[in-house]
Every structure is written in structure tokens, then in C-alpha cells.
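The values are calculated or read from the model by the stated rules, or taken from the named source; none is laboratory data. Note that the coordinates shown come from a computational prediction; the quantities given were computed from them, not determined experimentally. Heads up, the Cβs are rebuilt from the backbone with ideal geometry, glycines too, and the neighbour counts pull from every protein chain shown.
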Amino acid sequence: MLRYITVEKCKRRKVNDTIDNKVVNKTNDTVSQPDDKSSSCTETVTVRSRESGSDKFPSKPGKTKSKTDRKPTLATDTESSASSGKARKKRMFGLREVKGDLFSCPSTSSLAHCISADCRMGKGIAVIFKKKFGGVKELLSQGQSPGGVAILRRDNRDVYYLVTKEKYWHKPTYATLTSSLQAMKAHCVKQGTTEVAMPTIGCGLDGLSWPKVCEIIRDVFRETDVAVTVYVL
């Protein structure tokens, strides 16, 4: 009877040991072989680093970053401008004053000066323009009012007549001068004109302030490739 009880106890122990071994093995299999479908990339790296201690994986799971946690790399100004295709072209605008005769300017330069809408051109430098280029009827036919610009094509260059007042005895305003300059700028940009020579427009007989006119010219042509040269005697 005693021997029978002892044998039964031994059998029970073996069964329990077998069950415990299966549980342990199953647990180890679960830890060493994580389910790819339920585990993230970060979690997988953390488990492997704990078990193998390999240098290829981070030793501190708390500092492991997933791909989604990484900060995006900021592009440089050159890269961003090149990728967007909006790289700014450096403008060649310039405004300078030189002493000398306006009509001694390079033949590649366009010319500009101010007139009245009636095209009388009876005083000042306008008289020289009238003698050199004529075309009074052609100018009148263009029907430009104050704030506009009439244009003659002479010797393979444009000659701009800034209409800044209605009658020759009137005085121009900064507003009409600005409008005429803007009209000239639009034509220059359209035609690809890069050089314009002029006197101190709007000043002298017309009575405007040259420093202020100079600023208007700068503001109008700033964002262009037109170089403006002002000739003073």
C-alpha cells in the first residue's frame, strides 16, 4: 500500500514537471518569436537588443525612436528654391547720373523726356528732340493723355515722350510723372529694353524736385533689368 502511494506521487510529479516545462518553453517561444503582425518596428528592435546585446541595436529601449518620431530634415534655402522652381533672378536695375550731353549716350540706349499732350515742344531740351527726331504728327496720332507715353522708333531704338501735362504752359504733377514712367517701364519690359538715357525729367522749366523725381524713378524701375542713366550738364 505504501509503495503504491509512492508510485502515484512520482507519477504526479512527472506530470507536473512536464506541464511546467511546456509552459516555460511556450513562454520562451513567445518572447523570442514576436508576432510580426502585432508588434511594431520599434518593439522588435527593443526585444532583440535585450536578448542579444548586439551593437547593431540600441542598448536603451527608452531612447529608441521609430521612423515616425524622427524630426524631418529641413531643406537648405538653395534646395527649397530649386525644388520649387522659384529661384530669384538678380535684377540689373541701376540709376546713375553722369555729366555730359544726353545725345552722346550709346546708340543702344533708348531716350526719354517729358512733353505736353499737345506736343508743342517749344522750349528746353524738347526743342532738340523735335529737331532730331521729328514725328510730331505721329506722336499726336497716338492720342496720349497726361500719365501716358508716346513712342517713336528711330535708328533702331525707342524714343519715349512722357506725357506729363495737357498743355505746354501747364505744370506736371508727381502723379502724372509716375504714371508716365510706369507706362514706359511696361513697354521697356515687353520689348526687352535694358538701357534708357534721360535728362533730369520734370525739373528745370517744369519745376519738380529732382531728389523726389529720382526716388520715383528708382521705385518704378526697381524690379526690372532696365539701367537708367541721367545726363546733367
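General remarks:
- Filtered residue count, the range 211-222, keeping only those that are out of contact with any strand residue (DSSP E or B) (no Cβ under 8 Å at 6 or more places or on another chain) and under 25 Å from Val189 (Cβ atoms): 7
- Test for Thr178: is it of a type in the set (S, T, N, Q) and either at positive phi or in a strand (DSSP E or B) (or both): no
- Put simply, of Lys123, Lys167, Lys171 the only residue that is among the charged types (D, E, K, R), more than 18 Å from Arg96 (Cβ to Cβ) and in contact with a Gly (Cβ under 8 Å, 6 or more places away or on another chain) is Lys171.
- Considering Gly192, Gly147, Gly202, the condition of being farther than 22 Å from Met92 by Cβ, in the same structural domain as Phe103 (by TED's automatic domain parsing) and out of contact with any Cys (no Cβ under 9 Å at 6 or more places or on another chain) is satisfied by Gly147 alone.
- Top-ranked residue of the range 123-157 - restricted to ones that are without any contact (Cβ under 8 Å) to a residue 12 or more places away in the chain and outside any loop (DSSP other than H, G, I, E, B), ranked as farthest from Thr176 (Cα to Cα): Lys131
- Selection within the range 181-233 - buried (at least 17 other Cβ atoms within 10 Å of the Cβ), part of a loop (DSSP other than H, G, I, E, B) and under 30 Å from the mean Cα position of the chain (by Cα): Thr193, Thr224, Asp225, Val226
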